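Data first, discussion second: the structure below is written as structure tokens.
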Amino acid sequence: MAEHIVKFDIAADPITVPTGTLIAEAAHLAGVEITQPCGGQGRCGRCAVKVETGEVRRRSTLRLSAEDVALGYALACQTVIEGDVTITVPPQEKIERRLTTDRTVAEVTVPAGYNPREGQTIRRIALTLTPPSMDDQTDDWARLQAALRREAGVSELRASLEMLRELGGILREGDWQVTATLNA
């Protein structure tokens, strides 16, 4: 297998690597630190480097624009060395600025008539329950269900065993004032 000389602008000495080595692997061998928050999967674009001279093969340019590729930028985790290359490693701040552009922002359209106050599946309801007395010895779970039926019109409720075990302590500690979080 052919060997190629790789020179990083911020490394003192060039290194030699075989054909097919990723730029990220070559950088590691040269002692050059390249940020890869996505673990080298090509999803974040933070490992962008500039190939000044030489031959490389880009496996993915998902996070780069056509203009970036034309300028010589490549993702270190997705680019294979196929010849002698000289690579510039830009400061991290410059890479983040390049990535935060209109092309990386997803456009979200809200359906007509959507009301964010009513269209939520998760709701929080503040409740004040009547504490038990000698006349009303309803259990805590039934007491909470009745209050939610009365205040929020919720008829069918489910709760985890853990929540049921802790409910009595929570109600008494909060002096019978609680906030219920419902996932409809």
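Each residue in segment 40-58 was checked for being of a type in the set (Val, Ile, Thr) and either touching a Lys or Arg at 6+ places or on another chain (Cβ under 8 Å) or within 13 Å of Leu71 (Cβ to Cβ) (or both), and 2 pass.
Every residue, every condition in (1) touching a Gly at 6+ places or on another chain (Cβ under 6 Å); (2) among the basic types (Lys, Arg); (3) in contact (Cβ under 8 Å) with a residue 60 or more places away in the chain; (4) not in a loop (DSSP other than H, G, I, E, B), yes or no:
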{"site": "Ala12", "(1), (2), (3), (4)": "no, no, no, no"}
{"site": "Val17", "(1), (2), (3), (4)": "no, no, yes, yes"}
{"site": "Leu29", "(1), (2), (3), (4)": "no, no, no, yes"}
{"site": "Val32", "(1), (2), (3), (4)": "no, no, no, no"}
{"site": "Gly40", "(1), (2), (3), (4)": "no, no, no, no"}
{"site": "Arg63", "(1), (2), (3), (4)": "yes, yes, no, no"}
{"site": "Val69", "(1), (2), (3), (4)": "no, no, no, yes"}
{"site": "Gly83", "(1), (2), (3), (4)": "yes, no, yes, no"}
{"site": "Ile87", "(1), (2), (3), (4)": "no, no, yes, yes"}
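Quick check, is Thr128 out of contact with any Cys (no Cβ under 8 Å at 6 or more places or on another chain), at pLDDT 80 or above and in the same structural domain as Arg43 (by TED's automatic domain parsing)? Against the criterion (out of contact with any Cys (no Cβ under 8 Å at 6 or more places or on another chain), at pLDDT 80 or above and in the same structural domain as Arg43 (by TED's automatic domain parsing)), Thr128 does not qualify. Considering only residues in segment 142-174 that are surrounded by 15 or more Cβ atoms within 10 Å (Cβ to Cβ) and touching a helix residue (DSSP H, G or I) at 6+ places or on another chain (Cβ under 6 Å), the one that is nearest to Arg124 (Cα to Cα) turns out to be Val154.
The values are calculated or read from the model by the stated rules, or taken from the named source; none is laboratory data. Source: prediction; values computed, not measured. All Cβ positions, even for glycine, are placed from backbone atoms using ideal geometry, and neighbour counts span all protein chains on display.
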